[in-house]
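Working notes, structure below.
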């Protein structure tokens, strides 16, 4: 039996039943473009504040990155805290680190308040040292984090690594104990249903093709009709090809990330391989991330190839991931794989999120692999910004220059992949 090319998360989530019927028309206080975590979270927050909100999604809600990721909801930034502190100063680095911790709390709060059955669990994240020298870096990172910003970290020395992972591939680890995991598609559908209950109009299959300035706002044209709105939030992630999104398209680089879901694994085998049932990431630049699904499948992903996600690329990457899985866990060599899929991770050049306002348009995107928690959090924060609280945006003071030579299609991905592979060889 061949593996399904569909996201395990999307196929195991309930359908969204609260979508608006008919054509898009009329007016609203706010139009939100994009039905992923950012857009849905902002829609819910603004609707609960009493605003009339229209959300326009080109496909289905959480159908792209929000429903195609690894389901990890981790504390901590995409960067080494010490490097951030050295570049931006200790105060800024602490604020950004704590924003990521707040983001996990936001996911937990929304799941609880809205009664979303998404298997939210505070399991902890294990960063696995792929080389002995990497453990030395983890020791330094641990000491700095524990001293300055996060008491919820602990080390696993090399001689005790099998207490956390049943593999000889790793040389110690750093655990951030308050990180969490969720079923991302169930969470996203739950956000959408909650927003609809709060009065928002959510249109699927409504690709935005035009944005025109009006004296008191914007006219937003979509494939399902047109709406006039006082404010617009762009929450598209990877910028669409339509002309109105050129500013974002020159600043976001979308890279494929690929995932497999195995057949259900026996509890005894899991106890040997992943006794803590945590989130796991490896320390290489081109590394892997993995965790168990609620039904005991292993969700195993990574940037197996620096390429765009499409059906052919997903299958090629899936075979690479199967081989890598077997190398890390020989007991899983040849295990059945039931799902192989891909999605696009939206990166900024410095891998820091961006949010704010440009030419009258609000935006939040570029979470660089930390979108489950940060996108959800920033939807809430941008609702506050748009309601008159500019200090709610932790990323407000970051410049955002365009990527030189980038106009939408990332022609340079193979070169970037070679660079990172070489870095993994020499470091």
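Here are some notes:
- Some residue of segment 184-199 being buried (at least 18 other Cβ atoms within 10 Å of the Cβ) and over 19 Å from residue 63 (Cα atoms): yes
- Scanning segment 292-313 for residues that are at pLDDT 90 or above and on the phi < 0 side of the Ramachandran plot gives 292, 293, 294, 295, 297, 298, 299, 300, 301.
- Test set (1) buried (at least 24 other Cβ atoms within 10 Å of the Cβ); (2) within 29 Å of residue 174 (Cα to Cα) - residue 105 fails condition number: (1)
- The listed residue being at pLDDT 95 or above, over 30 Å from residue 154 (Cα atoms) and under 14 Å from the mean Cα position of the chain (by Cα), out of 18, 22, 70, 35: 35
- Taken over segment 70-120, the criterion of being in contact with a strand residue (DSSP E or B) (Cβ under 8 Å, 6 or more places away or on another chain) and more than 21 Å from residue 396 (Cα to Cα) is satisfied by 70, 71, 72, 73, 74, 107, 108, 119, 120.
- All of (1) surrounded by fewer than 18 Cβ atoms within 10 Å (Cβ to Cβ); (2) closer than 21 Å to residue 68 by Cβ; (3) modelled with pLDDT under 95 hold for residue 209 with one exception: (2).
- Among the residues of segment 270-279, none qualifies, meaning not one is within 18 Å of the chain's Cα centre (by Cα), outside any loop (DSSP other than H, G, I, E, B) and over 19 Å from residue 180 (Cβ atoms).
- Near pairs, Cβ below 9 angstrom, 6+ apart or cross-chain, from segment 1-21 (assigned to a strand (DSSP E or B)) to any residue that is surrounded by 14 or more Cβ atoms within 10 Å (Cβ to Cβ): 4/11; 4/261; 4/338; 4/339; 4/340; 4/341
- Of all residues in segment 291-302, those that are in contact with a helix residue (DSSP H, G or I) (Cβ under 8 Å, 6 or more places away or on another chain) and crowded, with 20+ Cβ neighbours inside 10 Å total 8.
- Top-ranked residue in segment 113-131 [being assigned to a loop (DSSP other than H, G, I, E, B) and within 18 Å of the chain's Cα centre (by Cα); ranked as farthest from residue 9 (Cα to Cα)]: 124
- Residue within segment 27-37 that is surrounded by fewer than 24 Cβ atoms within 10 Å (Cβ to Cβ) and within 27 Å of residue 257 (Cα to Cα) present: no
Table: residues versus (1) free of Cβ contacts under 8 Å to residues at least 40 places away in the same chain; (2) within 26 Å of residue 298 (Cα to Cα); (3) crowded, with 17+ Cβ neighbours inside 10 Å.
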{"site": "76", "(1), (2), (3)": "no, yes, yes"}
{"site": "89", "(1), (2), (3)": "yes, no, no"}
{"site": "95", "(1), (2), (3)": "no, no, no"}
{"site": "123", "(1), (2), (3)": "no, yes, yes"}
{"site": "129", "(1), (2), (3)": "no, yes, yes"}
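- Checking residue 102 against (1) over 20 Å from the mean Cα position of the chain (by Cα); (2) assigned to a helix (DSSP H, G or I), the condition it does not meet: (1)
- Residue match in segment 137-160 (condition: in contact (Cβ under 8 Å) with a residue 40 or more places away in the chain, exposed (fewer than 14 other Cβ atoms within 10 Å of the Cβ), out of contact with any helix residue (DSSP H, G or I) (no Cβ under 9 Å at 6 or more places or on another chain) and outside any loop (DSSP other than H, G, I, E, B)): no
The values are calculated or read from the model by the stated rules, or taken from the named source; none is laboratory data. Since the model is a prediction, treat every value here as computed from it, not as a measurement. So basically every Cβ, Gly included, is an ideal-geometry build from the backbone, and we count neighbours across all protein chains shown.
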